[in-house]
Amino acid sequence: MGLQDVKLKMEYRSPGDNMVTEFYIPLLRHATLYQRSVGFFSSTALIDISKGIASLVKNGGHIQMIASPKLSDEDIEAIDKGYEERNALVEKRLLEGLDEEYTDYFALERLNLLANLIADGRMDIHVAIVENGGNIGMYHEKLGIISDADKNAVVFCGSMNESDTAMKVNYEAIDVFRSWSDPDGRVKRKMDAFKNFWSNSDPNVKIIDFPSVPKKILEKYRRRAPNLNIDEEQYPQSYSLPSETVSLPVAERRSYGARCPEGLKLHTYQQEAIDKWAAEHYHGIYDMATGTGKTLTGLASIARLSKDLNDHLAVIIVCPYQHLVEQWVEDIVKFNIKPIIGYGASPQPKWKERLKKAVRDLTLREDKQFFCLICTNATFRKAYVQTAIDEVNKIGTPVLLVVDEAHNAGAVSFLKYLDDRFKYRLALSATMDRHMDETGTKGLYDFFGRVCINYPLKQAIKDGHLTQYRYHVIPVSLTDEERMQYEVLTKEIGQNYIKSEKGYSLTERGKLLAIQRSRIVAAASEKMTALRQTIEPYRNDKNILIYCGAANVLAEDEDKSETAPSDVRQIDAVTRFLGLELNMRVAKFTSDEDIKQRESIKDRFQKGDLQAIVAIKCLDEGVNIPAIKTAFILASTTNPKEYIQRRGRVLRKFPGKEYAEIYDFVTLPRPLNDVNSLSKEELKADYTLVINEIRRMKEFSESSQNSIDSNAIIWQVQKSYDLTDKQIIDGIHIAS
């Protein structure tokens, strides 16, 4: 097939006609030479000329481009009067045309493609200047010639260019002429004119070459091998039924790597995140509120990269917990991926053998250049996984590392495995910054790169991707015995701070003491009394979560965390109260239940067979239970990562769920009426707990529907302790 087989109109007019999908792509699919004069030279002109050329490149074709520098009247006057040397000023303006910065995926891919063509000697750029009687002008003809291997040519000329403005807004037009139907010789004259310009044979047009221009294009835009699927990605409607693929065998038409499922529609913010990630050389961070689709965005990103690399890719997905791995697998299989599932209790008993075979196939089988391993943090650090990654690198297959709940990867024991073996990188987290760990946070940003999307909970609620909620503060106090234990630990913690240039940080012993102290707050005995009173009106309702527990610590070599004895006591007490005293249908949801039991509990809960679940750590570990409508949070935490995640998981959308209710059991050192009589030392001992609780209340209150109610309580606590907003934000350091 050639140019004569393409159905063409005599003219194309915007906005009614789409030049790219109706003209360039169909013609360039059969072309071997593309000659263009584009008017003014700029990076935008380069992007415009690239639309549709992927097929030309695959055909081994070449591009010849003529452009003019964009000179102002002042520039021309300066040249005419000899104020500036002509070539120096022209070169300056040409290079300025490449100054614009792009973050758009398609623009960067197109510029990368052209830079590669220049490097391969398959694209040349000539600069044209009009000279007449000693005066200088600009060559501004817009002319295009597309030729095929059989010497057929299509010529087009007119006012139109391919920018979005031209195609969608302006009323512009081009005329089209065919060499095989050229009775008045117009095509030959246009082709001869371009040939004369190109060879510098026209007496009125001076052709000048500036080596600095292609050099800057190469340095600025060449990033990797060219993406020859760029036209298909940006204009898929032109490739819905390409005649070239109709006769291919099924095995060649079917992709082996990751692909988005048919019918999947990403939100605008998700698509923009993927485009930005691709523009950042497939490095980056998705900072997205819990419940806004991080997993699907991550998987769609994998599909994008797999397609860009023609499925020559190894994907490693890492999650902190085994049940998170299983949640990912539910979606992974929808993306044309058959994952290797790696952790201690994997449903694939021979997953290690499968991993070895997948690595071996990269060398032995051309049809199996893609594989995906999903594993826990603990498994990722095992020697056999690290060895497999090393082998993939030796083979030369690029590796994409995707880390879910990526804040966990900032631990020293994990950071040491983040290195140059992973050419492509993606971090997913609702709270990327690590609590009280600047070094770990910096390590994550240094490795993964820029934040490609910051989509906070407040914005997600506003956009309707998370449900609205009402926030209720339930203040409780420590008993005298609990407060005494709390103060003893606080004093000892104060002796375990280390001062450095970056500020204060806790020793390892100090961190353990802080965990012990947090458990006292989480298990405060008054919480049970307050819960009895607060939950009574809900005894006949359903979709209720009672969330217990304290600090969540995951051992480095474990796939799940253990439950502390104090947490067990609270869970048992709450479960007995709900089941025996209120006669509610209730179940525990802890680390004691295996994955199948958890799935059964979730299913019964979402169907309404269970009214309530009493859980620990599930909101921190990423368990997805969107049916939760009313949450009673007994587990206090000072870690923003934890309380932001907990709230986000409660706000997931679910049929019939118009809004959520959150009851936050806020623990204070003592009743507020007793604060006025405290000494400075006693006040000082209270500050850490009070400030941390106020911070959480403010965070929860800000986006709630009833912030006036919660703000009144916050103000009362703040006034009782005579704390300013600045002190709440900055904190009063215990070591000061």
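Read-outs throughout are calculated quantities, based only on the coordinates presented, and are distinct from any laboratory measurement. Every value quoted in this text rests on a predicted model; they were computed, and no experiment measured them. With ideal geometry, Cβ positions are generated from the backbone for all residues, glycine too; neighbour counts draw on all protein chains shown.
The figures follow:
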item	result
Per-residue ³J(HN,Hα) for segment 703-709, Karplus 6.51 cos²θ - 1.76 cosθ + 1.60, θ = phi - 60°, Hz, x for Gly and Pro	9, 7, 6, 10, 4, 4, 5
Extension gain, ARG470 back to ASP73 (0.36 nm per residue minus Cα-Cα distance, nm)	136.6 nm
Intensity falloff of the chain expressed as log10 I(q)/I(0), Debye formula with alpha-carbon point scatterers, at q = 0.07 Å⁻¹	-0.65
Modelled FRET efficiency - R0 22 Å, ASN87 with HIS140, Cβ distances, 0.05 increments	0.70
Mean Cβ neighbour count within 10 Å, used as a protection proxy, ranking 696-702, 373-379 highest first	373-379, 696-702
Cα-projected label distance for GLU11 with ASP192, points at 7 Å along beta-carbon direction, nm	2.6
MET584, MET288, MET484 arranged by Cβ crowding within 10 Å, fewest neighbours leading	MET484, MET584, MET288
Top positive-direction residue, dipole computed over segment 467-730 with Cβ charges, set LEU489, ILE714, PHE654	PHE654
Length-normalised contact order for segment 467-730 - Cα pairs under 8 Å, 6+ apart - percent	28
Relative contact order %, segment 313-432, counting alpha carbon pairs below 8 Å whose residues are six or more apart	34
For peptides 58-66, 603-611, sequence by mean Cβ density within 10 Å, most packed first	58-66, 603-611
In nm, spacing of pseudo-spin labels at GLU353 and LYS462 (7 Å Cα→C-beta vector)	5.5
Computed [θ] at 222 nm, helices only, for the chain once each DSSP H run of length n ≥ 4 contributes -39500 (n - 2.57)	-12000 deg cm²/dmol
Share, in percent, of DSSP beta bridges within the chain that are antiparallel, nearest 5	35
For segment 3-239, average projected area of the Cα convex hull in nm²	13.2
Antiparallel DSSP beta bridges within segment 467-730, percent to nearest 5	15
Label point distance in nm, VAL399-LYS653, each placed 7 Å from Cα along Cα→Cβ	3.7
The chain, dipole about Cα centre (Lys/Arg Cβ +1, Asp/Glu Cβ -1), debye to the nearest 20	1700
Dipole magnitude of segment 411-488, debye to nearest 20 (Cβ charges: Lys/Arg +1, Asp/Glu -1, about Cα centre)	620
Violating pairs (Cα-Cα greater than 28 angstrom) within the set LYS357/LYS423; LYS9/LYS51; LYS307/LYS416; LYS617/LYS653; LYS382/LYS499	LYS307/LYS416; LYS382/LYS499
Paired Rg and Dmax values of segment 256-371, which use every Cα atom, in angstrom	14.7, 42
Net charge dipole size for segment 3-239 [Lys, Arg +1 and Asp, Glu -1 on Cβ; Debye, nearest 20]	700
Listed residues HIS465, THR441, LEU400: farthest to the positive end of the dipole of segment 396-472 (Cβ charges)	HIS465
Mean separation of Cα contacts under 8 Å (6+ apart) over length of the chain, as relative contact order %	11
Dipole axis of the chain (+1 Lys, Arg; -1 Asp, Glu on Cβ), positive-most option in GLY61, ALA378, TYR343	TYR343
Ordering of 398-408, 223-233, 314-324, 413-423 by packing [mean C-beta count within 10 Å, highest first]	314-324, 398-408, 223-233, 413-423
In segment 1-89, chymotrypsin sites (Phe, Trp or Tyr not before Pro) in a DSSP loop with at most 13 other beta-carbon atoms within 10 Å	TYR83
Within segment 3-239, percent of DSSP bridges classed antiparallel, to nearest 5	70
